[in-house]
Structures are given as structure tokens and as C-alpha cells.
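The values are calculated or read from the model by the stated rules, or taken from the named source; none is laboratory data. Just so you know, these numbers come straight off a predicted model, no measurement behind them. Here the Cβ is made from the backbone with ideal geometry for all residues, glycine too, and neighbour counts use every protein chain on show.
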Amino acid sequence: MRCGVLRTIMHGFYLVVLSLAWLAPASAAVSLDYQLKARRIAPDVYVFVGANEDFSLDNGGNILNTGVILTDDGAIVINTGPSRLYGEQLRRAIAGLTDKPVIRVYISKLHPDHFLGNQAFRDVPIYASPRTIELLHDQAEDFTDNMYRLVGTWMRGTEPVIPTHQAVAGTETIGGHEIELLILAGHTPGDLVLLDHSRGVLFSGGVVFNQRGPTTPHADLHGWLDELQRLSRLDFDLLVPSHGPVAHDKKPIAETAAYIGWLDQTFERAARDGVSMAEALYLDIPGRFSRMAVMPDEYQRSVSHLYGAYEDRNLPLAKQIGGE
Amino acid sequence: MYLCSGITLPCLLAGLLCMQCALAAAEPPPDPLASVQWPHMAKVLLSGHPIVFDERVRILAPKAAENVRQVPVMVDADAIDGVRRILVFADLNPLPKIIEFEPHDGARAVLGFRFKVQQSTPIHAAVLASDGVWHVGGVWLEAAGGGCTLPSLASGEEAWVAHLGEISAGLWSRPDGERLRFRVIHPMDTGLAPGIPVFHITQIHVLDEAGRELGVIRPYEPVAENPLFSLDLAVTGALRLQGRDNNGNRFAARVAPR
């Protein structure tokens with residue numbers, strides 16, 4: 001009798017498990033849609049706005065702003081997103097905006113959320129700075145593995161495609177748009193910034209962050225401050241950062257510079273005072289910076305990326321006296 | 001037990017209960033981090049003394065390990081009187097024991113270091129004080145993993161051989177003594193990377209100018225390559241550092257205030 005009851009309970013349990021198993025793939029399939037919506041920010045210029053947060057299973061890695069410029073000759077795409085799936089959905093969304101083909105892709109920097117959608121643009125020339133291409137030959141596989149770990153099933157079928165063409169700094173007219181490329185170093189060793197003079201739109205890539213903690217895994221802070229100064233002298237109406245909302249002024253440039261300058265001075269002072277790296281993780285962050293998205297996590301990451309070099313400068317070689 | 005006459009079921013049950021009581025007395029207090037390895041760690045590493053979780057054992061570490069080869073940690077148990085020994089371990093590391101520090105008179109119960117982490121894990125610091133009790137603190141560290149089974153960066157090149165054991169250091173005057181920070185050039189190979197035998201510093205003695213020992217650091221395999229240590233001392237003036245590794249290499253240096 002007891003066994004009968006148990007069997008009934010177990011039977012019910014199996015039914016529940018079976019029904020869940022049936023539901024799981026269906027709901028997962030529904031959620032694997034980035035829901036990309038083109039936002040028109042200027043005539044012929046569109047941005048697909050990403051979440052202003054860190055990579056997660058919920059956002060599928062869609063944390064950056066990708067851009068499209070519709071020229072008379074065809075579409076120029078700025079960054080392809082974090083996965084093959086994103087690249088494919090981006091391409092479909094662009095097809096909804098224009099009948100013309102995609103003629104060029106520009107990749108702002110080597111970070112994975114910028115180029116892992118390249119598979120969907122294999123038939124198009126993909127441009128990046130020479131340094132970015134060089135670094136991707138070394139690191140693209142590791143970046144891809146890491147993204148699989150961070151956003152899981154969204155990455156299905158994603159393989160890194162290295163940009164095919166070296167971008168050259170300078171201005172050229174493409175389908176009626178005067179496009180200027182700047183190739184800089186600081187945020188990463190191969191930052192590419194694109195300015196559409198015809199529409200007054202600056203695609204700053206990772207050089208400028210807006211209301212989000214700047215990321216530093218490949219950064220040289222002094223070079224970055226120089227880059228920001230260069231961008232602040234440019235003439236534009238709209239600024240599209242890789243991360244954070246589109247801006248109508250130069251304030252995000254000044255804010256990014258203020259934070260980068262603060263990081264540099266804070267690390268310099270701490271290392272000079274003998275502060276350990278673990279202590280440096282928990283130094284006070286001024287309110288204007290701690291309010292940015294993904295803080296204090298990005299600050300802690302920066303300690304890991306950068307503080308060691310400041311420590312080294314404050315640990316001179318001691319007088320070796322030989323073991324005894 | 002004496003209530004039971006003969007071997008009856010109630011008697012057996014009572015016996016079992018008593019055994020459980022006895023076991024419970026010897027069992028460590030539950031880990032606030034609910035580490036699955038905690039009971040085992042306590043048994044293997046902390047036997048022989050009672051254990052209490054104590055908020056005065058402070059551990060500074062990142063929430064997530066950005067670099068699994070170099071996770072910075074600082075243990076500060078200076079609020080506890082008469083600290084004799086600090087033992088730091090990562091419960092889920094393949095080699096859990098990270099480092100030990102014995103502060104003598106003249107050294108505060110503070111130790112900063114970096115270590116290699118293999119996966120997300122609790123980090124525990126156990127502090128044995130003169131009251132004969134292990135005072136324990138813990139933090140949780142998230143990590144992607146792999147730090148312990150990677151070859152050292154040095155093992156891929158030859159340059160380190162000429163600098164093995166070389167010490168760089170800084171000594172900062174503080175109102176209550178001085179802060180010592182020093183780095184030793186050493187691969188600190190765990191022995192878990194294929195084909196690379198275990199090779200690590202086993203002890204570093206910190207002495208004052210008169211030769212009085214202020215403390216001993218005992219690093220284990222997980223301590224990071226070219227390890228950088230931070231200590232707080234209740235003395236002033238120059239110091240001497242003397243260390244050795246598991247291959248018998250010896251190294252020493254004199255550190256003067258800045």
C-alpha cells in the first residue's frame with residue numbers, strides 16, 4: 001500500500017519533470033531575441049542601444065551601442081555585437097531600414113562585445129585598426145571562451161572572425177557622407193573613432209563612457225587622457241559611446257577624463273603611501289563616480305589591471321646580502 | 001543509558017543520540033559562508049583547538065577575481081590580543097593552504113599577499129591567539145578559474161633564473177610603526193601544471209637590525225608568482241629578510257626606511 005502511494009507520488013514527480021523539460025527549450029528559444037530596435041538619432045544615422053550594465057545571462061551580452069549610417073552607396077555598420085546571434089539579428093534589423101547592401105563594417109576595438117557578431121558580415125569588408133587586428137590574432141579565442149562563460153547559450157555557434165581590412169586614419173567620402181577615421185591608443189592600444197562630418201555624429205567607441213564605469217583591461221591611462229583631449233577638440237553634435245546613452249554635448253568626454261585622471265592620481269598616491277592592492281580595492285570612490293553604472297565593480301577590476309605598475313615604481317631593488 | 005535494560009530499540013536510539021551529542025561537541029561551528037568543505041578543513045587544518053567565528057578577523061579581497069593568477073588578499077586580525085599564528089586557506093582550491101604567518105613581538109597580526117585561485121571559493125583566515133582558540137573569518141571569492149593549473153609566466157622564458165630570489169622592497173614610517181612591502185622574484189610553481197615540478201618559497205623570516213625575529217611567513221604553492229607581501233610592524237628602522245624555497249635556494253636582503 002505504502003509502495004503504491006510512493007509510486008503515485010513518484011509518477012506525479014516524473015510528470016512534473018517531463019513537463020518542465022518540455023517547456024525549458026521553448027522558453028529559452030523565445031528569450032534568445034535581442035529585441036534590437038533601431039533608434040534614429042540623425043538623418044540616415046541609427047543606433048541600437050544596449051543595456052547600461054555588465055554582461056549577464058539576461059542581457060545576452062547586449063551591453064553596447066552598435067551603429068548604422070545609411071549612405072547612398074549602402075550601409076556602414078559600426079560594431080557587430082557580442083555574438084553570432086546578435087550579428088544576424090542586427091543584419092536583419094538593418095535590412096528593415098534600407099534596401100541597399102551593407103558595404104563596410106568598422107570595429108572600434110578588440111573587446112569581445114564589439115566584434116563577435118562578425119560572422120553575420122563575412123561577405124563585407126570588416127575594418128579595424130592595425131593594432132586591434134594584431135591583438136585579436138592573439139586573444140580572440142580567449143575572449144570568445146570567456147563570453148561563452150558569461151552569457152552561455154546566447155553564444156551558440158559564435159566563432160571569432162578577425163577583421164579583414166586595416167583601417168587608415170583620415171577622411172573620405174562614402175555615398176555622400178564625409179567620414180573621418182581617427183586611430184588612437186589609450187583606452188586600448190588600437191582605438192578607432194569614427195566621425196560622420198555630414199551628420200555631426202561621433203562614434204567614440206570605448207574612448208568615451210557615458211554614465212557607466214570605464215573599463216580598463218587594455219588601458220594606458222595617460223594615453224587615454226590624451227585621446228580624450230583630442231576628441232574634445234572635434235566638432236560634432238551627437239556622441240555615441242560604446243557604453244551608455246547617446247549624448248548631445250561633450251560632457252561625457254569631460255566625465256570620462258575626470259574619472260581616468262582620478263584613477264591615475266588615486267593609484268599613484270596609494271602606491272606611494274605603501275597601500276596594498278587588497279586595500280586599494282576598497283578606497284573611497286567620490287560620489288560622482290560611484291553613481292556610474294557597474295560601479296564599484298569596474299573600479300575593482302581597474303585595481304587588478306593597473307595598480308601593480310604603480311606598486312612596482314615604489315618598490316626599489318633592496319640591498320641583497322646573499323643567503324646564509 | 002543506564003535506563004535501558006538489555007539491547008532494546010529505545011536503548012539503541014538513546015545510544016545513537018548520545019554519540020551524536022559527543023560528535024557535536026567536537027564539531028566545528030557552522031560556517032557563515034556555508035562552505036561544503038568547511039567541516040573537513042576544520043578537521044584537517046584546525047584540530048586541537050576550539051574554533052569560533054570572529055568578526056575581528058577581517059579579510060580584504062575582491063568580490064570577483066579579475067586575474068586568477070594574482071588575487072590580492074589582506075588579513076587583519078590586529079584587534080585580537082596575542083595572535084600567534086595566522087593560517088589562510090581557500091576551501092575549494094586543489095591546494096587549499098595558501099599561507100601562514102607567525103607574528104612575534106614587534107609584528108602586528110596583519111598580512112597582505114596575492115594568490116592563484118582555481119575556481120570560486122570561500123577564503124578563510126584562522127587566527128590562533130594566546131587564548132588557545134582559533135578565531136576564524138571568511139569571505140567568498142568568485143572566480144572563472146584555472147589559476148592553480150596554469151604554468152607560471154616565468155616557466156615560459158629563461159630570464160627569471162638570473163633574478164631568482166631577488167628582493168625589491170619599500171618601508172614606510174607610520175604613526176604606530178612601519179609598513180613593510182616586499183617582492184621576491186620566484187616562479188611559485190604549484191606542481192599542478194603538466195611537466196612543471198612544484199617550486200615555491202617555503203619560509204621568509206623578518207628580522208630587525210639586531211637580528212631579533214619579528215615574524216615568519218610560510219607561503220604554500222598557491223601564493224602568486226613573484227609574490228608581494230605587506231606587513232605592519234611595531235618597530236622602526238631597517239630590517240633584514242631571509243628566505244628559502246623547497247629546492248634549498250636561499251635569499252636575503254636588507255631594507256632601509258624610505
Note on the stretch A:53-76: residues surrounded by fewer than 24 Cβ atoms within 10 Å (Cβ to Cβ), closer than 23 Å to A:ASP99 by Cβ and among the aliphatic types (A, V, I, L, M) are A:VAL68, A:LEU70, A:ALA75
Considering the stretch A:92-106, residues that are in contact (Cβ under 8 Å) with a residue 60 or more places away in the chain and out of contact with any Gly (no Cβ under 7 Å at 6 or more places or on another chain), and then whichever is surrounded by the most Cβ atoms within 10 Å (Cβ to Cβ), we arrive at A:TYR106
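Which residues, counting only those in the stretch B:132-147, are modelled with pLDDT under 85 and out of contact with any Pro (no Cβ under 9 Å at 6 or more places or on another chain)?
Across the stretch B:132-147, the qualifying residues are B:ALA144, B:GLY145, B:GLY146.
Does the stretch B:236-258 hold any residues that are part of a loop (DSSP other than H, G, I, E, B) and within 22 Å of B:VAL117 (Cα to Cα), and which are they?
B:ASN246
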Residue hits (the stretch A:154-212; among the basic types (Lys, Arg) and surrounded by 16 or more Cβ atoms within 10 Å (Cβ to Cβ)) are A:ARG199, A:ARG212
B:PRO197: passes all of (1) at negative phi; (2) at pLDDT 90 or above; (3) within 14 Å of chain A (Cβ to nearest Cβ); (4) not in a strand (DSSP E or B) but (3)
Selection from the stretch A:199-215 of residues assigned to a strand (DSSP E or B) and within 13 Å of A:ARG288 (Cα to Cα) yields A:ARG212
Per the list (1) of a type in the set (Lys, Arg); (2) within 24 Å of A:VAL246 (Cβ to Cβ); (3) more than 16 Å from the chain's Cα centre (by Cα), residue check on A:ARG131 breaks on (2)
Within the stretch B:195-204, the residues that are touching a Gly at 6+ places or on another chain (Cβ under 8 Å) and crowded, with 18+ Cβ neighbours inside 10 Å are B:PHE199, B:ILE201, B:ILE204
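On the given criteria, is B:SER120 surrounded by fewer than 20 Cβ atoms within 10 Å (Cβ to Cβ), polar (S, T, N, Q) and modelled with pLDDT under 95?
On the way: surrounded by fewer than 20 Cβ atoms within 10 Å (Cβ to Cβ): yes; polar (S, T, N, Q): yes; modelled with pLDDT under 95: yes.
Considered against the rule, which asks whether it is surrounded by fewer than 20 Cβ atoms within 10 Å (Cβ to Cβ), polar (S, T, N, Q) and modelled with pLDDT under 95, B:SER120 comes out as yes.
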Among helices (runs of 4 or more DSSP H) completely within the stretch A:232-324, the ones holding 2 or more residues that are away from every other protein chain (no Cβ under 14 Å) and over 21 Å from the mean Cα position of the chain (by Cα) are A:251-272, A:287-290
The number of residues in the stretch A:77-91 that are within 20 Å of A:GLY205 (Cα to Cα) and either modelled with pLDDT under 95 or surrounded by 24 or more Cβ atoms within 10 Å (Cβ to Cβ) (or both) is 10
Per the filter on the stretch B:241-251, residues within 10 Å of chain A (Cβ to nearest Cβ) and touching a residue at least 24 places away in the same chain (Cβ under 8 Å) are B:LEU241, B:GLN242, B:GLY243, B:ARG244, B:ASN249, B:ARG250, B:PHE251
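Suppose we filter the stretch B:181-211 for residues that are among the hydrophobic types (A, V, I, L, M, F, W, C) and in contact with a Ser or Thr (Cβ under 7 Å, 6 or more places away or on another chain); how many remain? Full working, then the answer.
Step one: list which residues in the stretch B:181-211 are among the hydrophobic types (A, V, I, L, M, F, W, C), which gives B:182, B:184-185, B:188, B:192-193, B:196, B:198-199, B:201, B:204, B:206-207, B:210.
Those still in the list that are in contact with a Ser or Thr (Cβ under 7 Å, 6 or more places away or on another chain) too: B:182, B:188, B:192-193, B:196, B:198.
Residues meeting the conditions: 6.
Sort through B:LEU111, B:LEU141, B:LEU164 and tell me the only one that's more than 21 Å from the chain's Cα centre (by Cα), within 13 Å of another protein chain (Cβ to nearest Cβ), touching a residue at least 60 places away in the same chain (Cβ under 8 Å) and buried (at least 16 other Cβ atoms within 10 Å of the Cβ). Full working, then the answer.
Working: B:LEU111 fails: more than 21 Å from the chain's Cα centre (by Cα); B:LEU141 fails: more than 21 Å from the chain's Cα centre (by Cα).
Only one candidate qualifies: B:LEU164.
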B:THR149 passes all but one of the listed conditions (1) within 14 Å of chain A (Cβ to nearest Cβ); (2) touching a residue at least 40 places away in the same chain (Cβ under 8 Å); (3) outside any strand (DSSP E or B); the exception is number (1)
Checked against (1) assigned to a helix (DSSP H, G or I); (2) of a type in the set (S, T, N, Q); (3) in contact with a Ser or Thr (Cβ under 7 Å, 6 or more places away or on another chain), A:SER108 satisfies every condition except (1)
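Among the residues of the stretch A:87-100, write down those that are in contact with a strand residue (DSSP E or B) (Cβ under 8 Å, 6 or more places away or on another chain) and either part of a helix (DSSP H, G or I) or under 11 Å from A:PHE121 (Cβ atoms) (or both).
To start, the set of residues in the stretch A:87-100 that are in contact with a strand residue (DSSP E or B) (Cβ under 8 Å, 6 or more places away or on another chain) comprises A:90-91, A:93-94, A:96-98, A:100.
Once the filter is applied, which keeps residues that are in contact with a strand residue (DSSP E or B) (Cβ under 8 Å, 6 or more places away or on another chain) and either part of a helix (DSSP H, G or I) or under 11 Å from A:PHE121 (Cβ atoms) (or both), the stretch A:87-100 yields A:LEU90, A:ARG91, A:ALA93, A:ILE94.
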The one condition A:MET147 fails out of (1) in contact (Cβ under 8 Å) with a residue 24 or more places away in the chain; (2) touching a strand residue (DSSP E or B) at 6+ places or on another chain (Cβ under 9 Å); (3) aliphatic (A, V, I, L, M) is (2)
* under 18 Å from A:ASP113 (Cβ atoms), at pLDDT 90 or above and not hydroxyl-bearing (Ser, Thr, Tyr): does that describe A:ASP33? -> yes
If you go through B:ALA238, B:ALA210, the only one that is farther than 18 Å from B:ARG85 by Cβ, within 11 Å of chain A (Cβ to nearest Cβ) and either aliphatic (A, V, I, L, M) or in contact (Cβ under 8 Å) with a residue 40 or more places away in the chain (or both) is B:ALA238
When restricted to B:LEU150, B:LEU241, B:LEU192, the only residue at pLDDT 95 or above and either buried (at least 17 other Cβ atoms within 10 Å of the Cβ) or over 19 Å from A:PRO316 (Cβ atoms) (or both) is B:LEU241
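Tell me which residues, restricted to the stretch B:213-235, are outside any strand (DSSP E or B) and either more than 13 Å from every other protein chain (Cβ to nearest Cβ) or polar (S, T, N, Q) (or both).
Of the residues in the stretch B:213-235, the ones outside any strand (DSSP E or B) are B:220-222, B:224-227, B:234-235.
Listed by number, the residues that qualify are B:TYR220, B:GLU221, B:PRO222, B:ASN226, B:ALA234, B:VAL235.
Hey, any hits in the stretch B:80-98 for a residue that's within 14 Å of chain A (Cβ to nearest Cβ), crowded, with 23+ Cβ neighbours inside 10 Å and not small (Gly, Ala, Ser)? Walk me through how you get there before you give the answer.
Going residue by residue through the stretch B:80-98, those that are within 14 Å of chain A (Cβ to nearest Cβ) are B:88, B:98.
Within this subset, residues satisfying the condition of being crowded, with 23+ Cβ neighbours inside 10 Å are B:88, B:98.
Narrowing the set further to residues that are not small (Gly, Ala, Ser) leaves B:88, B:98.
Yes; the residues of the stretch B:80-98 include at least one that is within 14 Å of chain A (Cβ to nearest Cβ), crowded, with 23+ Cβ neighbours inside 10 Å and not small (Gly, Ala, Ser).
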Here the qualifying pairs (Cβ atoms under 8 Å; residues six or more apart or on different chains; first in the stretch B:37-65 and more than 14 Å from chain A (Cβ to nearest Cβ); second surrounded by fewer than 18 Cβ atoms within 10 Å (Cβ to Cβ) and charged (D, E, K, R)) come out as B:PRO39/B:GLU27
Is it true that B:GLU209 is of a type in the set (Asp, Glu) and over 14 Å from B:GLU178 (Cβ atoms)?
no
